Amino acid sequence: MALARFLRTADSDGIEMDSLILTTLAFTSLRIGELLALKWNDFDEEKGLLRVTKTLYNPSINIKEYHNYYHQ
């Protein structure tokens, strides 16, 4: 129930592509970096397959700074 409500809210109140992105993440168990790294040739529409072979990684994200900011 909570997921359905969340996705409905994303669809009605989110910005462009929120609903598609969040629905894809929820039902495929992809990580955000894997989703962001997808290219059109990763989709096989005839077979209904999605090939996940890479991920997007940002080494400049500093989790320590993030943690300190939210736990002051």
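None of the figures in this text is laboratory data; all of them are computed from the coordinates on show. These numbers come from a predicted model, not from an experiment. Cβ sites come from the backbone with ideal geometry, for glycine too, and all protein chains shown count toward neighbours.
Simple spin-label model, 7 Å along Cα-to-Cβ: Thr28 to Lys54 in nm?
1.5 nm
Listed highest first by mean packing, meaning other Cβ atoms within 10 Å per residue, what order do 42-53, 11-22 come in?
11-22, 42-53
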